[in-house]
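Colleague: Input: one structure, supplied below.
The values are calculated or read from the model by the stated rules, or taken from the named source; none is laboratory data. Given the structure is predicted, the values throughout are model-derived calculations rather than measurements. In this analysis, Cβ positions are derived from the backbone assuming ideal geometry, glycine residues included, and neighbour counts consider all displayed protein chains. Ligands, DNA and RNA are stripped out before the accessible areas are found, and what is left, the full protein with its side chains, is counted by its heavy atoms. Shrake-Rupley method; radii C 1.70, N 1.55, O 1.52, S 1.80 Å.
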Protein chains: 2
Amino acid sequence: MMELTRKGEYAIRGIIYLAQQPPGRVSLISEIAAAAEVPQTFLAKIFQSFAKLGLVTSSRGTGGGFVLARPASAITLREVVEAVEGPILPNRCLLGSACDRGGPCRVHAVWKQVQTEVVHILDGVTIDTLARNQDS
Amino acid sequence: MMELTRKGEYAIRGIIYLAQQPPGRVSLISEIAAAAEVPQTFLAKIFQSFAKLGLVTSSRGTGGGFVLARPASAITLREVVEAVEGPILPNRCLLGSACDRGGPCRVHAVWKQVQTEVVHILDGVTIDTLARNQDS
DNA sequence: ACCTTTAGGACCAATTTGATCCCCTTTATA
DNA sequence: TATAAAGGGGATCAAATTGGTCCTAAAGGT
Ligand code: SF4
Ligand code: SF4
């Protein structure tokens, strides 16, 4: 239950690589894909989502590629995950106001709590933390 | 992300109904399905899982049906969810010891934390709590 | 025997996931 | 102003998962 999909895993690996580059350095999608060991065309889609959400800046043409749009310390794991997997939502009923049955039941509050906790954890982790190498 | 499937939702609704019955009262799957508004044959499968895991006791033939195998206060929401959805596992790498890539990365610890938190929340909720009606 | 009720497996349609391909647009520069 | 080098976006597709049905067998009561 609650498994991250490949897309989410790839997204994280990809943006971590980008965060490990010298600030301002432009990376090609082919380069990122190779480094993160992810199918290139698939990763391209993922980075399109990133760009649309303003996590990364993309530029086309010769010399184009991707750069982080903000410092890695200002991008949270939650943003990255939600960019490709959609909102953290343990139960559908957390989106629509009420249940399709007779009003929200007691389980509702539990899912709400799960959602809150997970969001909190993921909000507390920034990409620069993840990008730091094992050593130190 | 992290959505409970129909199966999980049905499982919870079904076992809550069972918990709301007078202790020892045997319920037919048809009765539970009608009350919980769940496809009967599908719910039957779910209760089979419950039975195999010892959450409910089943008996066949005339007068047969399902009863909780333990008091509702001794069945946690986690048990119910895991019975049908499998273990709480935010990332595959939490199951196999190490990653298929170069050893567990820093993200690993985050997923571990998510898992621990969610398990903790779900372990803290018992079915009798959920079964109590809105009033009081 | 016969009816009732769960057990278990086979089976199936719809959806989601994981991925590839192709053509378009943008941009630098020869 | 070609032309090559990127990314953008849509169509498409196979595999896996989800959601659900059906049928037969086994067990238990009368
Ligand atoms: S039954 Fe409860 S948990 Fe399920 S959808 Fe309705 S309010 Fe949400
Ligand atoms: S890259 Fe990190 S989070 Fe992903 S599977 Fe490997 S250890 Fe787990």
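Colleague: Take the residues in the stretch B:71-90 that are part of a loop (DSSP other than H, G, I, E, B) and surrounded by 15 or more Cβ atoms within 10 Å (Cβ to Cβ), then tell me which one is nearest to ligand 2 (Cβ to nearest atom). So that I can check it myself, show each step before the final result.
Modeller: Pass one, the stretch B:71-90, residues part of a loop (DSSP other than H, G, I, E, B): B:71, B:75, B:86-90.
With the extra rule that they be surrounded by 15 or more Cβ atoms within 10 Å (Cβ to Cβ), the set shrinks to B:75, B:88-90.
Numbers: B:75: 32, B:88: 16, B:89: 11, B:90: 9 Å.
For the stretch B:71-90, the residue satisfying everything is B:90.
Colleague: Kindly indicate the residue of the stretch B:48-98 that is within 11 Å of chain A (Cβ to nearest Cβ) and charged (D, E, K, R) and also farthest from residue B:26 (Cα to Cα) among those meeting that condition.
Modeller: Only one residue tops the list, namely B:92.
Colleague: Please work out which one of (1) within 14 Å of chain B (Cβ to nearest Cβ); (2) under 22 Å from residue B:91 (Cα atoms) is the condition residue A:43 fails and give its number.
Modeller: Result: residue A:43 passes all but (1).
Colleague: Return the total of residues in the stretch A:27-60 being near DNA strand C (Cβ under 9 Å from one of its atoms) and in contact with a strand residue (DSSP E or B) (Cβ under 9 Å, 6 or more places away or on another chain).
Modeller: Selection size over the stretch A:27-60: 1.
Colleague: For the list (1) within 14 Å of chain A (Cβ to nearest Cβ); (2) buried (at least 16 other Cβ atoms within 10 Å of the Cβ); (3) touching a residue at least 24 places away in the same chain (Cβ under 8 Å), I need the number of the one condition that residue B:37 fails.
Modeller: With respect to (1) within 14 Å of chain A (Cβ to nearest Cβ); (2) buried (at least 16 other Cβ atoms within 10 Å of the Cβ); (3) touching a residue at least 24 places away in the same chain (Cβ under 8 Å), residue B:37 is out only on (2).
Colleague: Can you tell me which residue is farthest from residue A:107 (Cα to Cα) among those in the stretch B:61-70 that are of a type outside the set (A, V, I, L, M) and outside any loop (DSSP other than H, G, I, E, B)?
Modeller: First, the residues of the stretch B:61-70 that are of a type outside the set (A, V, I, L, M): B:61-66, B:70.
Then keep just the ones that are outside any loop (DSSP other than H, G, I, E, B); that gives B:65-66.
Numbers: B:65: 25, B:66: 22 Å.
Filtering the stretch B:61-70 for residues that are of a type outside the set (A, V, I, L, M) and outside any loop (DSSP other than H, G, I, E, B), the one farthest from residue A:107 (Cα to Cα) comes out as B:65.
Colleague: What number of residues in the stretch A:1-25 are of a type outside the set (Asp, Glu) and over 20 Å from residue A:73 (Cβ atoms)? Walk me through it before giving the result.
Modeller: Step one: filter the stretch A:1-25 for residues of a type outside the set (Asp, Glu), giving A:1-2, A:4-8, A:10-25.
Applying the additional criterion that residues be over 20 Å from residue A:73 (Cβ atoms) yields A:1-2, A:4-8, A:10.
Summing the residues that are of a type outside the set (Asp, Glu) and over 20 Å from residue A:73 (Cβ atoms) in the stretch A:1-25 gives 8.
Colleague: Of the numbered conditions (1) part of a loop (DSSP other than H, G, I, E, B); (2) more than 14 Å from the chain's Cα centre (by Cα), residue A:58 satisfies every one except a single condition; which is it?
Modeller: The one condition residue A:58 does not meet is (1).
Colleague: Any chance the stretch B:13-31 includes a residue that's at the interface with chain A (Cβ under 10 Å from one of its Cβ atoms), open to solvent by 20 Å² or more (accessible area, probe 1.4 Å) and polar (S, T, N, Q)?
Modeller: no
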